[in-house]
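Read-outs throughout are calculated quantities, based only on the coordinates presented, and are distinct from any laboratory measurement. What you see is a predicted model, and the numbers here were worked out from it, not measured in a lab. Glycine also receives a Cβ, built like all others from the backbone with ideal geometry; neighbour counts cover every protein chain displayed.
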């Protein structure tokens with residue numbers, strides 16, 4: 001009976017991490033859209049290095065923490081590449097992701113379009129300390145394989161376009177494969193072509209008399225293991241983009257709201273956000289914090305990009 005309870009707990013925890021892993025773990029896609037779309041790799045013609053840290057449900061024991069670092073940039077006039085590494089920790093569970101992005105971009109008058117795809121290798125494992133548990137059965141192959149790490153391959157396809165540099169729209173099809181790798185086979189792929197999607201669109205308004213910009217946007221999630229979710233975002237930039245402020249409201253199961261502050265200083269961009277959920281679980285934690293540091297440069301020359309997608 002104790003063994004059964006342990007297995008159920010591990011299975012539930014793996015399902016929780018698995019569901020998180022399928023979505024955009026970081027919420028700063030409004031300022032760093034490579035987090036949700038492979039098509040934006042190199043889209044702004046500048047090289048971008050990003051670092052993300054997210055601490056979710058702070059003050060709750062063994063709450064999730066996510067760390068990510070990545071690069072994307074152009075190669076020639078039409079190609080873009082990206083590389084990202086992410087680690088997510090939830091209690092004794094660790095989820096490591098390595099993602100490669102490839103994109104092709106085109107310019108036709110005032111319309112700029114890009115199509116891209118990503119390949120992703122995921123390793124999910126539990127800590128070795130689980131083997132010291134009095135509930136552990138030395139002959140349990142399921143737990144031993146989980147300690148060694150279950151490996152999964154996935155792929156995504158996306159498209160992104162801007163119109164007159166002020167309006168943007170993007171669509172991503174994640175979870176197209178979700179195939180297990182190694183000795184434990186799934187028997188069939190858990191992904192499906194074009195069954196899941198992430199749609200992101202918005203417009204940037206330049207209020208010239210007051211020297212600020214407003215960018216409302218909408219994100220619609222329809223991804224594996226999660227109900228339909230909609231994010232309403234409003235991002236404002238002031239003093240020639242030196243000060244960034246934003247608010248987000250998430251509709252869906254439980255819902256959430258968040259505030260974002262940021263600044264651009266030469267080649268550096270720094271963003272911080274704090275969000276709270278509308279669920280009863282909120283009273284047991286202190287909300288979630290997220291920090292993003294971007295370093296942007298173009299052919300060795302310092303610059304920061306002001307386009308709607310970044």
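Going by how many other beta carbons lie within 10 Å of each one, how would you line up 296, 133, 37, fewest first?
133, 296, 37
Length gain on complete extension for the stretch residue 145 to residue 207, per 0.36 nm per residue less the alpha carbon to alpha carbon distance?
Gain in length upon complete extension: 16.6 nm.
Output the peptides 38-44, 276-282 sorted from most to least packed, where packing is the average of other Cβ atoms within 10 Å over each peptide's residues.
With the highest mean Cβ count within 10 Å placed first, the list reads 38-44, 276-282.
Please work out the FRET efficiency for the pair residue 199 and residue 62, using the Cβ-Cβ distance as r and a Förster radius of 41 Å; give the result to the nearest 0.05.
About 0.75, to the nearest 0.05.
Packing-wise, with mean Cβ within 10 Å as the measure, how do 283-291, 51-59 rank, highest first?
51-59, 283-291
Which stretch or stretches of region 58-79 have amide N atoms under 20 Å from the point lying 7 Å from residue 284's Cα along the Cα→Cβ direction?
58-66
Taking the Cα-to-Cβ direction at residue 47 and at residue 276 and moving 7 Å from each Cα, how far apart do the two end points lie in nm?
Here the modelled spin labels are 4.3 nm apart.
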